[in-house]
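Trainee: Take a look at this one; I'll ask things after.
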Amino acid sequence: MADVVHLARSFLNAVGQQSVVTTVVLMFVISRKQHCYADLLYALFLTVLYNAVLKCIFKCPLPETCPGTGYGFPSGHYNFGTVFYVWMILANRKLYVSVCLGILWLAYGWCLVVAGYHYALDICLTPLFSLACVWTFWYVRQQHCRRGSFVAPLLVLSTVCMVISFVIAGEMQHHITLAYCSICGLSLFSQIIKVYKNEKLGTATNALLAIGVATHWCLLIIYSDTIGRILQAAMVYVCCFVCCLCRGIVQRIMQKNDQDPTVLRGIC
């Protein structure tokens, strides 16, 4: 049994949140369908925010075998993973890739239970929230919503979740800070790129972005217990800038030739 638990935990470490974010960021940079992966990044980071609020609402305990602290439902890891795998399945056009993604998705949930991190009921019910999130984002995309009008409500919802989480927890939680900074960073530098391209900017979006960033940094500076968390938040903005810059360079190269540099053909 110990070997099975060790194997499950090794699998979770290999396909965890860091691996997912790295994969999506890479696809955002090199894929022609950047909006698909930009929206997926937004969905993933928003999942972290609303999941923290839901945990505080339900207050379901973790199993005794879990080394972590906090609440168990909905599972943050499985919520995050479900959004990723379901999104990629919907975006993919090849059956065998979808089947492989589906197997990884189910294996991810099974390993969370076997490793002792969650109860089986947590894993079974968590996808209800994940599927609602994915459906909402895909509905917006199918409606061909303007990018500005899409980012504006996203910023409002993200800021509300961030503030609620802060009020309930009484502190700026580390994962909340990173997720919110990522949303604001991507939105901020996307707006800067629009200025570079001489595209029209949404006034409401810029105002909400400024309010959100200012509110978060005020709370972060006042209530952070260490300077390290502030520096980490700043590094997230730097990483978002680098991603958007690399994306702009790749897009410029694409425009100069007709070769498709997309790594995974058929996705988005």
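Trainee: Could you tell me whether any residue of segment 45-63 is surrounded by fewer than 18 Cβ atoms within 10 Å (Cβ to Cβ), among the polar types (S, T, N, Q) and in contact (Cβ under 8 Å) with a residue 24 or more places away in the chain?
Mentor: no
Trainee: Let me ask something additional. Here are THR82, THR69: which of them is of a type outside the set (Gly, Ala, Ser) and in contact with a helix residue (DSSP H, G or I) (Cβ under 9 Å, 6 or more places away or on another chain)?
Mentor: THR82
Trainee: Hey, among the residues in segment 222-253 that are under 16 Å from ARG32 (Cβ atoms) and either free of Cβ contacts under 8 Å to residues at least 24 places away in the same chain or among the charged types (D, E, K, R) (or both), which one's surrounded by the most Cβ atoms within 10 Å (Cβ to Cβ)?
Mentor: Step by step, filter segment 222-253, then rank; the result is ARG247.
Trainee: Considering every residue within segment 87-99, establish whether at least one is assigned to a helix (DSSP H, G or I), within 15 Å of the chain's Cα centre (by Cα) and under 30 Å from ALA152 (Cα atoms).
Mentor: Looking through segment 87-99, at least one residue is assigned to a helix (DSSP H, G or I), within 15 Å of the chain's Cα centre (by Cα) and under 30 Å from ALA152 (Cα atoms).
Trainee: Just one of GLY72, GLY76 is at pLDDT below 85, under 14 Å from the mean Cα position of the chain (by Cα) and within 23 Å of CYS111 (Cβ to Cβ); which is it?
Mentor: On inspection, the qualifying residue turns out to be GLY76.
Trainee: Just checking: which of the helices (runs of 4 or more DSSP H) contained wholly in segment 167-268 hold 1 or more residues that are at pLDDT below 70 and in contact with a His (Cβ under 7 Å, 6 or more places away or on another chain)?
Mentor: In segment 167-268, there are no helices (runs of 4 or more DSSP H) which contain 1 or more residues that are at pLDDT below 70 and in contact with a His (Cβ under 7 Å, 6 or more places away or on another chain).
Trainee: List the pairs whose first member sits in segment 11-31 and is outside the structural domain of CYS239 (by TED's automatic domain parsing) and within 17 Å of LEU186 (Cα to Cα), whose second member is assigned to a helix (DSSP H, G or I) and among the basic types (Lys, Arg), and whose Cβ atoms are under 6 Å apart, counting only residues at least 6 apart or on separate chains?
Mentor: That search, which allows pairs on different chains as well, returns VAL29/ARG247.
Trainee: Could you list all residues from segment 167-193 that are among the hydrophobic types (A, V, I, L, M, F, W, C) and either under 16 Å from ASN206 (Cα atoms) or over 19 Å from the mean Cα position of the chain (by Cα) (or both)?
Mentor: Once the filter is applied, which keeps residues that are among the hydrophobic types (A, V, I, L, M, F, W, C) and either under 16 Å from ASN206 (Cα atoms) or over 19 Å from the mean Cα position of the chain (by Cα) (or both), segment 167-193 yields VAL167, ILE168, ALA169, CYS181, ILE183, CYS184, LEU186, LEU188, PHE189, ILE192, ILE193.
Trainee: Can you go through LEU95, LEU106, LEU101 and tell me which one is touching a strand residue (DSSP E or B) at 6+ places or on another chain (Cβ under 9 Å) and either assigned by TED's automatic domain parsing to the domain that holds THR47 or surrounded by fewer than 23 Cβ atoms within 10 Å (Cβ to Cβ) (or both)?
Mentor: LEU101
The values are calculated or read from the model by the stated rules, or taken from the named source; none is laboratory data. Bear in mind that the values here come from a model prediction, so they are computed numbers and not experimental data. Here Cβ is always computed from backbone atoms with ideal geometry, including for glycine, and neighbour counts include all displayed protein chains.
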